[in-house]
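Reading through the structure tokens given below for one structure.
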Amino acid sequence: MSRIPGWANIASLALRFVLFAGVAVCVLLAGPAWAGVIYVRGDATGAKNGLSWADAYTDLQAGLAAAEWSDEIWVAQGTYKPTTGTLRTVSFVLEAGVGLYGGFAGTETERGQRNWETNVTILSGDIGTEGNAEDNTYRVVVGAQLAVLDGFTITGGNAYASGSSNYGGGMYNDNCSPTVTNCTFSGNTAGGAGGGMYNSVYSSPAVTNCTFSGNTAGWGGGICNDSSSPTVTNCTFSGNRADYIAGGGMYNSSSSATVTNCTFSGNAAAWGGGMYNSSSSPTVTNCTFSGNTADYGEGGGMYNSVYSSPAVTNCTFSGNTAHNDGGGMENFCGSPTVTNCTFSGNTTGGVGGGMYNSNTSPTVTNCTFSGNTAGGDYYGFHGHGGGMYNWNSSPTVTNCTFSGNTASGGYYGGSGGGMLNDESSPTLTNCTFSGNTASGIYGFGGGMDNYSGSPDVTNCTFSGNTARVGGGGMHNYSSSPTMTNCTFSGNTAGVGGGGMYNTQSSPTMTNSIFWDNTAPSGAEVYKDGATTPTFSHCDIKGCGGSGASWDSALGTDGGGNIAADPRFVDPATPAGPDGLWRTSDDGLRLRRDSPCIGAADPAVAPQRDILGLPRDSTPDIGAYEFYAMPRASADPAWVLFR
């Protein structure tokens, strides 16, 4: 029965009917309109009728039993268990349309006066022998439609049984969408899925300002979403674990969760330490994935499996680890969209330190890959693609930076410091590869290694990359990349091809610069006898220029080639004084006396350069079109200088 103060003094049944009718109309129009308060306090000594703090129920189950639609239940600090007995199937079952609020000291007159952080209110599943999880309740809380759970710590659920009792140790939601706010789910377990929370078919709870820590399950240690689409905002997932399968922090199956402003740290699973998506396309925005581990498999920070195409925006993946592949993220047979994200310091024992793409076509835009590592054992074939590894994939990569990544595999590994493309044909535009290293014994392609594919690379720079063997900037093996308006400068190889190393390949280079790269053999470009690269309208140090003086050891002279100093603004500082790539002070821009100005082939030159500025009708060789400085800081227009 509703506990509305003064209700007993209302004698008129007609008035009572009018009040109830009004509440019903409000409910239909706007959901629950909280009408009465039921008080629960474990140490209350009064009448125990729930009408006040003094007369509060001491048993939360009694408060739930008394509640009706639109009531609020206020619960004072302390620990509450679903039963005083040992029956493990007993849970706190929320009431539809009822708000359950914890965090009260037991003196408040308004809900806004409570402090759930100070007045810790615990819903515990430890109903049997204290500290022995084996006899705990299966589920601590069971959700209900339009119910509210706010201000509690949910702990000690142990859903380790048969059937549905194997899911949702902390909270179980089945075809309902409660609102869960300001809650902590910790130390809960599920033998199946959803240690902290399990959302079953058609459940879309709103989960806000919650913490999921130290929960364990077969899959979905923190949260498991099964054909559900929750909204998860401002939440923390830390130290959760999926023991058997995947998704240490969160597991999504046929679900489209909306995850915003959340942190996933220190979670672990076989696959997808932070998050695992199967046939799911969540929207993940402004989130951090750090220190998560795929300790037996792949996708340390995030794993996107078959038919998953998440939209990942403004997220950071740092310090995540995968035993096999994809330290930061792995994408398999899906088409994720990754925008404005940073992948830094991620590590894999296999391939793809920052990102691994397999049979997929992701769109990666405005992202940074820095300091990632692909390692591997000494005799293994692993350790390729420090920043990104693509296998049978065609990602579209735009405005991205690959810097300081390392491929450090063993005897057969260690190629593609920035990126390795294996039977892949990515499209790369306006990207920079700098300071990447291929350090394996057979390390090729410090910046990029292409194997049996046809990458399309436009307006990209390769500078300061290093390969232990060949191709400081780029290595091509049985590959036919198309390079347009690219710049190779200051790259180094231990054996050959400081700028580019070509083996059994037929790359096409147009409007590109190769200058001041270093290697014992073929400082700028090296090719073997089975390779037929073609250079047109390129500036290559020592090439002799087009015509009779052309050095045929480089490849085929397509005409328009020159061998004059390109006159970079500051090649020793390629990112410029601000240290930021693709900004107006970049050191690989051209000086006004550069011979590359107006020397490119306009038929193939892109309409804009690496900075996004329009090219002239007589465009320039290299990634940067020559422009004078901006006219004014308030004026974004640049003056094309000729």
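A few remarks follow.
- Here ALA206 meets the list (1) of a type in the set (A, V, I, L, M, F, W, C); (2) farther than 18 Å from GLY102 by Cα; (3) surrounded by fewer than 24 Cβ atoms within 10 Å (Cβ to Cβ) almost entirely, failing just condition (2).
- Residue list for the range 570-585, restricted to those being hydroxyl-bearing (Ser, Thr, Tyr) and without any contact (Cβ under 8 Å) to a residue 40 or more places away in the chain: THR573, THR583
- The single residue among GLY380, GLY417, GLY376, GLY409 that is in a loop (DSSP other than H, G, I, E, B), at pLDDT below 95 and touching an Asp or Glu at 6+ places or on another chain (Cβ under 9 Å) turns out to be GLY409.
- Strands (runs of 3 or more DSSP E) contained in the range 236-330 and holding at least 1 residues among the aliphatic types (A, V, I, L, M), in contact with a strand residue (DSSP E or B) (Cβ under 7 Å, 6 or more places away or on another chain) and more than 18 Å from THR348 (Cβ to Cβ): 241-246, 250-253, 258-260, 283-285, 311-313
- The number of residues in the range 534-575 being among the β-branched types (Val, Ile, Thr) and in contact with a Cys (Cβ under 9 Å, 6 or more places away or on another chain) comes to 1.
- Subset of the range 213-228 that is farther than 13 Å from GLY192 by Cβ and within 18 Å of the chain's Cα centre (by Cα) - its residue that is surrounded by the fewest Cβ atoms within 10 Å (Cβ to Cβ): ASN225
- Where a residue in the range 513-529 is under 13 Å from THR461 (Cβ atoms) and its partner, wherever it lies, is among the polar types (S, T, N, Q) and outside any strand (DSSP E or B), with Cβ under 6 Å and at least six apart: ASN517/ASN491
- Conditions (1) in contact with a Ser or Thr (Cβ under 9 Å, 6 or more places away or on another chain); (2) over 20 Å from GLY334 (Cα atoms); (3) not hydroxyl-bearing (Ser, Thr, Tyr); number of the one not met by GLY413: (1)
- Of all residues in the range 538-552, those satisfying the criterion of being assigned to a loop (DSSP other than H, G, I, E, B) and buried (at least 16 other Cβ atoms within 10 Å of the Cβ) are CYS538, LYS541, CYS543, GLY544, GLY545, SER546, TRP550, ASP551.
- Hey, ASN173 of a type outside the set (Ser, Thr, Tyr) and either closer than 21 Å to GLY301 by Cα or under 21 Å from the mean Cα position of the chain (by Cα) (or both) or not: no
- Qualifying residue in the range 544-567 (condition: touching a Phe, Trp or Tyr at 6+ places or on another chain (Cβ under 8 Å), under 24 Å from ASN366 (Cβ atoms) and among the acidic types (Asp, Glu)): no
- Selection from the range 71-121 of residues that are touching a Phe, Trp or Tyr at 6+ places or on another chain (Cβ under 9 Å), outside any loop (DSSP other than H, G, I, E, B) and over 23 Å from ASN175 (Cβ atoms): GLU72, TRP74, VAL75, ALA76, TYR80, TYR101, GLY102, GLY103, PHE104, ARG111, GLN113, THR121
- All conditions but one from (1) within 37 Å of the chain's Cα centre (by Cα); (2) surrounded by fewer than 21 Cβ atoms within 10 Å (Cβ to Cβ); (3) of a type outside the set (Gly, Ala, Ser); (4) over 12 Å from SER489 (Cβ atoms) apply to PRO520; the one that does not is (1).
- When residues of the range 298-320 are limited to those that are surrounded by fewer than 24 Cβ atoms within 10 Å (Cβ to Cβ) and closer than 15 Å to ASN357 by Cα, the one nearest to the chain's Cα centre (by Cα): SER309
- Every pair of residues 6+ apart whose Cβ atoms lie under 6 Å, when the first sits in the range 553-569 and is farther than 27 Å from THR503 by Cα and basic (Lys, Arg) while the second is surrounded by fewer than 18 Cβ atoms within 10 Å (Cβ to Cβ) and at pLDDT 95 or above: ARG567/ARG591; ARG567/ASP593
The values are calculated or read from the model by the stated rules, or taken from the named source; none is laboratory data. Computed from a prediction, not measured in an experiment: that's the story for all the values here. So basically every Cβ, Gly included, is an ideal-geometry build from the backbone, and we count neighbours across all protein chains shown.
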